[in-house]
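Below is one structure, written out as structure tokens; the observations come after it.
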Number of protein chains: 4
Amino acid sequence: MAALFRGSWNSLRRCSKHVHLSLDFSRSMASKTPVGFIGLGNMGTPMARNLLKNGYPVIATDNFPESCKELQDHGAQILDTPADVADKADRIITMLPSSPNVIEVYTGPNGILKRVKKGTLLIDSSTIDPSVSKEMAVAAEKMGAVFMDAPVSGGVGAASLAKLTFMVGGVEEEYNAAQELLTCMGANVVYCGQVGAGQAAKLCNNMLLAIGMIGTAETMNLGIRLGLDPKLLAQILNMSSGRCWSSDSYNPVPGVMEGVPSANNYQGGYGTTLMAKDLGLAQSTATNTRTSVPLGSLAHQIYRIMCARGYANKDFSSVFQFLREEEGQ
Amino acid sequence: MAALFRGSWNSLRRCSKHVHLSLDFSRSMASKTPVGFIGLGNMGTPMARNLLKNGYPVIATDNFPESCKELQDHGAQILDTPADVADKADRIITMLPSSPNVIEVYTGPNGILKRVKKGTLLIDSSTIDPSVSKEMAVAAEKMGAVFMDAPVSGGVGAASLAKLTFMVGGVEEEYNAAQELLTCMGANVVYCGQVGAGQAAKLCNNMLLAIGMIGTAETMNLGIRLGLDPKLLAQILNMSSGRCWSSDSYNPVPGVMEGVPSANNYQGGYGTTLMAKDLGLAQSTATNTRTSVPLGSLAHQIYRIMCARGYANKDFSSVFQFLREEEGQ
Amino acid sequence: MAALFRGSWNSLRRCSKHVHLSLDFSRSMASKTPVGFIGLGNMGTPMARNLLKNGYPVIATDNFPESCKELQDHGAQILDTPADVADKADRIITMLPSSPNVIEVYTGPNGILKRVKKGTLLIDSSTIDPSVSKEMAVAAEKMGAVFMDAPVSGGVGAASLAKLTFMVGGVEEEYNAAQELLTCMGANVVYCGQVGAGQAAKLCNNMLLAIGMIGTAETMNLGIRLGLDPKLLAQILNMSSGRCWSSDSYNPVPGVMEGVPSANNYQGGYGTTLMAKDLGLAQSTATNTRTSVPLGSLAHQIYRIMCARGYANKDFSSVFQFLREEEGQ
Amino acid sequence: MAALFRGSWNSLRRCSKHVHLSLDFSRSMASKTPVGFIGLGNMGTPMARNLLKNGYPVIATDNFPESCKELQDHGAQILDTPADVADKADRIITMLPSSPNVIEVYTGPNGILKRVKKGTLLIDSSTIDPSVSKEMAVAAEKMGAVFMDAPVSGGVGAASLAKLTFMVGGVEEEYNAAQELLTCMGANVVYCGQVGAGQAAKLCNNMLLAIGMIGTAETMNLGIRLGLDPKLLAQILNMSSGRCWSSDSYNPVPGVMEGVPSANNYQGGYGTTLMAKDLGLAQSTATNTRTSVPLGSLAHQIYRIMCARGYANKDFSSVFQFLREEEGQ
């Protein structure tokens, strides 16, 4: 979803002191001490390569030797464990699939915190439960290190092109240091507040996105059944109070827009499985904070059912197709 | 909700041959034969007055003598029944609370169709079930008359200022004749397709609006509980894929925007009762067309519960307040 | 669902003065004047045959000549239109697919009410919107006739075996007369109150049934995923507060019970399409009475989605299968 | 909810080898070595007292000195920390509010596992996430101890009267030893399977219970709005396929049954807050196992909203009142 923010972020840049886009070119190469990188998956590998491209020595590790080998070929030094990386680098980025992986990599027997140096900056770009981010921050602080959460918007393509958006939570004083690295890997960096705020912002956005997408799919389907032309209906909605990103920028009905997954049989884009995972995290945070999220909760269940009905790997806008099929067909 | 369309309709005007805004000043006053008007409620009265202001003689009726008296004072002729009006006018506008009223006024024992003249243009601006619009069109056609549905967006204020938006369904050849009258009462007129299409477009828009509003309320509430600043969260959403009209133009969280009902204790705006009514109609059309609308259906239930919990007369963005209250308070 | 009531109705018989099971054998054959029957579908045909078996002359009509021919072969007299039937019979039973059919058969140009005789007893066994039943009752009363609603529980098998359950609404004084005929076609007849009350009771029961069934499916699925043995889980639920008809008499999990559709690949039983139709009616009555039914509404949507995903003709307990499928399979 | 199981468990006893009710009076007093008890809240205190009544020496601890003092007055020995208790007792029961408390009491710096003796039997009667139970079992096993989960049905009254129901998960060989203690505190003990199965069974039951209760409330409300007598409607449902525990044993409509919370302004019974907590746990386990629970999820949200709208301390059947209130009142 890298394209989601294109253009529109300009205004954010103007209005918020916490958004910084340009690399600080005056920063001397002397600052380019090694950066640790843990988690070399589909996202982590291109992110780490962008650090290398920007002249930062990278010291990395991952459970998969193949991933390590690939990054080694691009110039990174590979070590055995997160603890080993922590021994050598005072800035470390982690990009992992889920909360348990983050807990293991930070606090496990070979985890970062076993050998982290005082003053080390730890940036976690995984999408996880904000409460886990807070736990990690507390654990890091006990060791004299600083932990920030910085989950991303944007997929593998955006990661390769350094066009990710980072939503950052953590101590404000450390934000500049984090930003130096993140701008090598992303086009936008937004400071969201204390530790966990980055995760919170991402989960909030994706929950509203899912609600808007399903709502758009239902509405377009209803309009079509009532005899409206889908393009005309989209046009009316987009100039009225029904307007949302899913209706005007990512319409789920084939034939309404070009260049979106609905125009390509719902290939590419943001997979239903990933959306279901994010909604599960949003649901957990809502449960933990005793917040009522009736539509968010139902959206979660719908994407969960879709995963079970063969839509796991299609773009999340395929909910239109899921709901639409004619009875009896 | 008159403001909803302000500005944004310019683009629609440019892109659709069916949107016409300017009065056709070349039309001679000779065309200003009497216009019938049935239904002089909060909306109908200012609409009829705008016809008078534009030089059209108005022949009106309503069940409430007070309403008739008021319009009479402004120059209208008052008759006893819809049938009487049909006897005198060959263009009639109806503005009624619900489907049964429309059925009565058109097909009842003293209804329009009892004495309608061949070729009469009947325009119904009530918000009702599209299938009732279609029934009325069939009944009108049997009498040689033409029926169009033209429900409005915009409240009493927009009606007074002739700033309503009309979504029109009906035979395309009669659209110009309808437009002549509707432009006296509204700022925007959109042709949506065959009879019932105006109702369909309105119900679709309002269903997606309700989903977006509840979704925004849930999301903002969750973000606040997670420690995010509401203004910053709105800013992030509005530049991201969570963006929708409810987040960027009508934010339901007090303090985030000015000039919206959430800034005024949810007074004014679009009442929860009206939204619940529209969602009930959308639900009925979905049931009749066997369309799955899980979020639309839940949105309907939530607004229904709110009506029962004291929110009937507050603006529909008060769902934020409804969901937010702290436990134990 | 004929089996649903087997046995358990004994207690109802004991406790309610309005439940009568035995034929009144003292009633003389003289009372066996002709009975009209309109609607010879899958249900109507065996019902009419049971009237014939009980010695009642039957005068029938239907749109499908084949259906008429079949009943004619069993001894019924066939006429052209409902009006013709009304001309010859002073007790008429109707069994039609939906509200519009009922309206047409009663109030259409060739409808019953065009030629109904004063004092005629009209019994409608269709499952329709209670408000339509009330309209028909008003229209019938204007003609001096009496209308009662008497929808059934039980499918084609129960209809053939005269094991249907009738839920009856209408003027209490006419209940005995209705009961005389209904007991020829059903095993149980329950008086529910004024006109529309039979429909209301049926819709209420089926809404709660659908909620209980989906809830049981979700719960059993969750328990199995958590490692519980499904038979043991059913046993625990059935002795605890989770107990419901769907868990103890119609368990949706294959292998837990015998003799239910889940033991037979969800063949037979009560089809998902029929359940979706009933839930649509329940939804409409809830909307019309402004009643909040959040779970009933979601149950409706789930059965609607199932109809669109290939489950239309499976028993409604197949919701277990619909929800269960493993992700990635 | 102690009464929920009254009577009906007899059949379970007959059919399952894992249910044992009678105390084994032949067991010699020699077996009455001290029992540890941690967590002396509203539930824990009467449970511990029942152990004392049965002749077991109790060694207890709690964060609240008052609670400790009270139990001390009844003959218990009080120690400072869970670790201290573990040092003295080889059978320990824990009864704590939530997952984090359990984690702290077992694995915290002064936790049981710091000084647990090999072979100690650890029984946790808290209602928590089954995955936490499994974690505790693994941690206990590492220290050579055995952990079982045994959450209860039944409130403070049932705890005082030793009428609780225990749902037990854990190694089958240890079940007899657990049962010896649990029968002192409860009327029913059910073996559900491996560790976590007790929690799973309880969460499953309560999720289905909540769905059935809300469904019953919606259905009764709809029927009443449609003009049905509530007692007659309950009677019809209870003999039909809509029957469930909430309709026939705990009806939420005032006036339908006696001796239930709805007959007493929803005082007593099982509080909405507790139901919301259980549903939150069920939701979490569903999310973690990627199980679709659309009605369970919506039930959770409804109880969550009720907590925020003033129903936190009313019995969970008050959902009838929550949904019912007339519009405009």
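Annotation: of all residues in the stretch A:76-109 being farther than 26 Å from A:Gln199 by Cα and either at pLDDT below 95 or among the charged types (D, E, K, R) (or both), the one that is surrounded by the fewest Cβ atoms within 10 Å (Cβ to Cβ) is A:Asp80. Of the residues that make up the stretch A:240-251, is at least one surrounded by fewer than 24 Cβ atoms within 10 Å (Cβ to Cβ), in contact with an Asp or Glu (Cβ under 9 Å, 6 or more places away or on another chain) and not in a loop (DSSP other than H, G, I, E, B)? No: zero hits. Here is the figure for the stretch A:180-201: residues that are facing another protein chain (nearest Cβ under 9 Å) and either hydrophobic (A, V, I, L, M, F, W, C) or in a helix (DSSP H, G or I) (or both) total 6.
Of all positions in the stretch D:276-294, at least one carries a residue that is more than 13 Å from chain C (Cβ to nearest Cβ), under 28 Å from A:Gln283 (Cβ atoms) and either crowded, with 24+ Cβ neighbours inside 10 Å or among the hydroxyl-bearing types (Ser, Thr, Tyr) (or both). In the stretch C:252-259, is there at least one residue being of a type in the set (D, E, K, R), free of Cβ contacts under 8 Å to residues at least 60 places away in the same chain and at the interface with another protein chain (Cβ under 7 Å from one of its Cβ atoms)? No, because not a single residue in the stretch C:252-259 is of a type in the set (D, E, K, R), free of Cβ contacts under 8 Å to residues at least 60 places away in the same chain and at the interface with another protein chain (Cβ under 7 Å from one of its Cβ atoms). Taking the conditions (1) closer than 26 Å to D:Leu52 by Cβ; (2) modelled with pLDDT of 95 or more in turn, D:Ala137 satisfies each one other than (1).
If you take the residues of the stretch A:225-239 that are closer than 22 Å to A:Ala210 by Cβ and within 7 Å of chain B (Cβ to nearest Cβ), which of them is surrounded by the most Cβ atoms within 10 Å (Cβ to Cβ)? Reasoning before the result, please.
Looking only at the stretch A:225-239, we keep the residues that are closer than 22 Å to A:Ala210 by Cβ, and these are A:230, A:233-234, A:237-238.
If we keep only those that are within 7 Å of chain B (Cβ to nearest Cβ) as well, we get A:233, A:237.
Details: A:Leu233: 28, A:Leu237: 25.
Ranking the candidates gives A:Leu233 first.
Before we move on, is A:Asn206 open to solvent by less than 10 Å² (accessible area, probe 1.4 Å), of a type in the set (S, T, N, Q) and farther than 30 Å from A:Ile128 by Cβ?
Working: open to solvent by less than 10 Å² (accessible area, probe 1.4 Å): yes; of a type in the set (S, T, N, Q): yes; farther than 30 Å from A:Ile128 by Cβ: no.
Spelling it out, it is not the case that A:Asn206 is open to solvent by less than 10 Å² (accessible area, probe 1.4 Å), of a type in the set (S, T, N, Q) and farther than 30 Å from A:Ile128 by Cβ.
For the stretch A:164-179, which residues satisfy the criterion of being open to solvent by less than 20 Å² (accessible area, probe 1.4 Å), in a loop (DSSP other than H, G, I, E, B) and aliphatic (A, V, I, L, M)? If the condition is that a residue be open to solvent by less than 20 Å² (accessible area, probe 1.4 Å), in a loop (DSSP other than H, G, I, E, B) and aliphatic (A, V, I, L, M), then no residue fits.
Against the list (1) more than 8 Å from every other protein chain (Cβ to nearest Cβ); (2) outside any helix (DSSP H, G or I), the condition B:Ala217 fails is (2). Of everything listed in (1) surrounded by 18 or more Cβ atoms within 10 Å (Cβ to Cβ); (2) among the aliphatic types (A, V, I, L, M); (3) modelled with pLDDT of 95 or more, the single unmet condition for D:Val260 is (3). Being touching a helix residue (DSSP H, G or I) at 6+ places or on another chain (Cβ under 8 Å) and over 26 Å from A:Thr272 (Cβ atoms) is a property that A:Glu180 has.
With the condition kept exactly as written, say whether any residue in the stretch B:216-224 is in contact with a Gly (Cβ under 9 Å, 6 or more places away or on another chain), charged (D, E, K, R) and surrounded by fewer than 24 Cβ atoms within 10 Å (Cβ to Cβ). Give the steps one after another, and end with the answer.
Taking the stretch B:216-224 as the starting set, the residues that turn out to be in contact with a Gly (Cβ under 9 Å, 6 or more places away or on another chain) are B:216, B:218-219, B:222.
Now restrict to residues that are charged (D, E, K, R): B:218.
If we keep only those that are surrounded by fewer than 24 Cβ atoms within 10 Å (Cβ to Cβ) too, we end up with none.
No.
Kindly provide the set of residues from the stretch A:136-146 that are within 22 Å of B:Arg225 (Cα to Cα) and either crowded, with 19+ Cβ neighbours inside 10 Å or assigned by TED's automatic domain parsing to the domain that holds A:Ser284 (or both), ordered by number. Those that are within 22 Å of B:Arg225 (Cα to Cα) and either crowded, with 19+ Cβ neighbours inside 10 Å or assigned by TED's automatic domain parsing to the domain that holds A:Ser284 (or both): A:Met136, A:Ala137. Per the listing C:Leu222, C:Leu228, the residue uniquely more than 18 Å from the chain's Cα centre (by Cα) and either more than 21 Å from D:Asp129 (Cβ to Cβ) or assigned to a loop (DSSP other than H, G, I, E, B) (or both) is C:Leu228. Beta carbons closer than 6 Å, at least 6 apart along the sequence or on distinct chains, pair a first residue in the stretch C:183-199 that is at negative phi with a second that is open to solvent by 10 Å² or more (accessible area, probe 1.4 Å) and among the small types (Gly, Ala, Ser) for C:Met185/C:Ala162; C:Val195/C:Ala137. Reported count of residues in the stretch C:40-63, each being assigned to a loop (DSSP other than H, G, I, E, B) and in contact with a Gly (Cβ under 7 Å, 6 or more places away or on another chain), is 1.
The values are calculated or read from the model by the stated rules, or taken from the named source; none is laboratory data. Treat the numbers as computed from the prediction; the structure is a model and nothing was measured. We place every Cβ from the backbone using ideal geometry, glycine too, and count neighbours over all the protein chains shown. Please note that ligands, DNA and RNA were not included when accessible areas were found on the heavy atoms of the full protein model with its side chains. Shrake-Rupley method; radii C 1.70, N 1.55, O 1.52, S 1.80 Å.
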